[in-house]
Amino acid sequence: MIEFKGIAKTYHIGEIEVKAVRGVSLTIKAGEFVAIMGASGSGKSTLMHLMGLLDRPDAGEFFLAGQPVHNLSDEQMALVRNRLIGFVFQQFHLLPRMTAVENAGLPLIYAGRRGQEDKVRQCLTSVGLADRMTHKPNELSGGQQQRVAIARALVNDPLLIFADEPTGNLDSKSKEEIVGILKELHHQGKTIIMVTHEPEMAQHAQRVIHMRDGVVISDEQKAQSNAPSVFIDPATIPEISKLSSAAYEQTKMFDSAHQAIFAMVAHKMRSFLSILGILIGVGAVIAMLALGRGAQASIEQQLASLGSNLLMVRPGSSRVQGVVMQSGTVTRLTTQDAAAISQFSDKVKSVSGSVTGRAQLVYANKNWNSQLEGVEVSYAAMRASEPALGRFFTDEEIKKRDKVAVLGTTVARELFGDANPVGETVKINLISFRVIGILPSKGANSFRDQDDTVVVPLTTAMNRVLGKEYVDSIYVEVVSPDEIDNTQTAISELLIKRHRLRGEEAQDSFQIRNMSDIKAALSTTTKTMSMLLGAIAAISLLVGGIGIMNIMLVSVTERTREIGLRKAIGATRRDIMVQFLVESVLLSLIGGIAGVILGVGAAVLITVFAGWAVKVSISSIILATVFSLGVGVAFGLGPAMKASELDPIEALRYE
Ligand code: ADP
Ligand code: MG
């Protein structure tokens, strides 16, 4: 069954070389029960690990069931361990959070046979644990735990059983029971190799090999009194080079995912904390993007209400100049300019000059500071400002510089509450005005309350309230969108002529902007803003990812022995990798989905309580979910690789 030819293994600890096994040649036949004895440090465990394909020899040849196995790939070694070999360790190595059935059934996962619980129960019954199936390791005695471990070694019907000091941690009664079970297995035809330093244990074996300092010093055969009753048929031994897990790779993947979920559920607090990081990150991304988008949408909506045929003429330059601007280059626009522009009757529908300033309004004992706007009659139609209540002022009133005012709804509410202001008298910057109308409500955007304004005749504003000789801007409504460019040119030429501008001056001293320019400028601003908000939120998502990585790394370290055990019973690198990767991806995905719910909820709350425009987009939800998935993969990959690359022996020995 086992043939060793000059097998050697040397460990290097820094400069020091430890020759644990130095040139061992021996043969163990099928159906033997061999005890390996020797002092501590004599190389017994190392020899057993080499025989069990848990470790590779540095030199020598190894034939298992007549087939060379000294240079199998890691994956092939894992397959052999899984199918042909069962291990029993001194420390039992049961997984603490699993029941006896789950523990004993572990090797089935890596054989693509999970779900064959009958087999597991049968093995547990055969070691006398029929009534302890659902107990966890901490609910079992040492002897019972070791029996679970033996059942685990048996579930895949191995040819060989390796037991390293199986009774080392047990009381004398349990020792007898365990050795009894091993003898029974031997009787059923299993080949058993048991490492022990207790002569009373070794006496149960047929053959005793003594080791010292890495070499075999004696090899005694005992009487054949307890020979097995059943011999394995050599024909049933599979061809090792043809062992493959390809047929059930998918089942294995599914089972590894199942193990990952199990681990997540078992460590609730830890899982919750790692989910929390991602949850907050994704929630923030969704809410921030929704906020940005909402602001953008409300600005666009308000711009749309202005009408796309509107032009705005303003003094001053739209270009930023490196040098200090001379005051003379700024053209001042006058009401005459406005009148001249209105002469383009084929292109221009209406024109209104405009001045703005701050105004202190007083009514009875109420005070309110607002924006004052002086405009002409055509403004009402142009800016969708036909009063909702009362009327707008007339040309006659403009001519007479009448002290009449149309209030925005915010101003009306602040000064008059629910009462009707029309016909009342308010003081604007200490001058008495008669309220003749209320503007329609335009709503607030994220930046400014558009209803917090007072509109008065242009002439009144210029001469009586603000004391301005020039207009701040001229609104021009063009007859149709097609005429906008022509009109812009015509107005430009007209102003250059009227103000006798030349060269540089002509370009810089006034600007004409149409609504699409303004829209474009505003939406770039809001887009930048929402990108910025999103970027800040994305950073928190990144931090969440680092949190996951942290927790996964801790988890890998904490479960090093578990990983070692899984490898010993046949898990390949890939299986371990999948298990840990699935865990981190699931954590971040759950965090992502919960974060989406949180983000949408936050957006709704912001709308309801703060009254801000908020707009959750499907694309941001998809983006955040995909991103969190990516975070799970990116930050889980490192720890998963680390786990998968652990050496089984070292991992098992990890304290
Ligand atoms: P036994 O099981 O007979 O007590 P081992 O096979 O465990 O002995 O160890 C044999 C020798 O190899 C000891 O001197 C031990 O210190 C050394 N050794 C075992 N494993 C390692 C390792 N992973 N790294 C370094 N030295 C090791
Ligand atoms: Mg040992």
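The values are calculated or read from the model by the stated rules, or taken from the named source; none is laboratory data. Here the structure is a predicted model, which means the values were calculated and not measured. Every residue, glycine as well, gets a Cβ built from its backbone with ideal geometry; the counts of neighbours run over all protein chains shown. Each accessible area value is taken on the protein alone, full model and side chains, heavy atoms only, with ligands, DNA and RNA left out. Shrake-Rupley method; radii C 1.70, N 1.55, O 1.52, S 1.80 Å.
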**Report entry** Residue match in segment 515-522 (condition: of a type in the set (S, T, N, Q) and either under 18 Å from residue 277 (Cβ atoms) or open to solvent by less than 40 Å² (accessible area, probe 1.4 Å) (or both))
**Finding:** no
Report task. Return a yes/no flag: does segment 43-51 have any residue that is within 19 Å of residue 159 (Cβ to Cβ), touching a residue at least 12 places away in the same chain (Cβ under 8 Å) and more than 10 Å from ligand 1 (Cβ to nearest atom). Result -> yes
Query raised in the report: Looking at segment 253-273, is at least one residue open to solvent by less than 20 Å² (accessible area, probe 1.4 Å), modelled with pLDDT of 85 or more and touching a Gly at 6+ places or on another chain (Cβ under 7 Å)?
Result: no
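Only one of 147, 152 is under 45 Å from the mean Cα position of the chain (by Cα), open to solvent by less than 10 Å² (accessible area, probe 1.4 Å) and either away from ligand 2 (no atom under 16 Å from the Cβ) or of a type in the set (Asp, Glu) (or both). Can you tell me which?
One residue alone meets the criteria, 152.
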Query raised in the report: Within segment 61-68, is there a residue that is more than 16 Å from ligand 1 (Cβ to nearest atom) and either in a loop (DSSP other than H, G, I, E, B) or farther than 22 Å from residue 25 by Cα (or both)?
Result: yes
Report summary line: Within segment 570-624, restricting to residues that are of a type in the set (S, T, N, Q) and open to solvent by less than 40 Å² (accessible area, probe 1.4 Å), the one that is nearest to the chain's Cα centre (by Cα) is 588
Query raised in the report: Quick one: in segment 31-47, which of the residues that are open to solvent by 20 Å² or more (accessible area, probe 1.4 Å) and under 22 Å from residue 568 (Cα atoms) is farthest from ligand 2 (Cβ to nearest atom)?
Result: 41
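Each row is one residue, and each column tells you yes or no for (1) on the phi > 0 side of the Ramachandran plot; (2) assigned to a loop (DSSP other than H, G, I, E, B); (3) touching a helix residue (DSSP H, G or I) at 6+ places or on another chain (Cβ under 7 Å).
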position	(1), (2), (3)
387	no, yes, no
397	no, no, no
402	no, yes, yes
412	no, no, no
441	no, yes, yes
Requested in this report: Of all residues in segment 155-175, count the ones that are at positive phi and within 16 Å of ligand 2 (Cβ to nearest atom).
Outcome: 1
Requested in this report: Please determine, by comparing only the residues of segment 361-385 that are part of a loop (DSSP other than H, G, I, E, B) and open to solvent by less than 60 Å² (accessible area, probe 1.4 Å), which one is nearest to residue 460 (Cα to Cα).
Outcome: 376
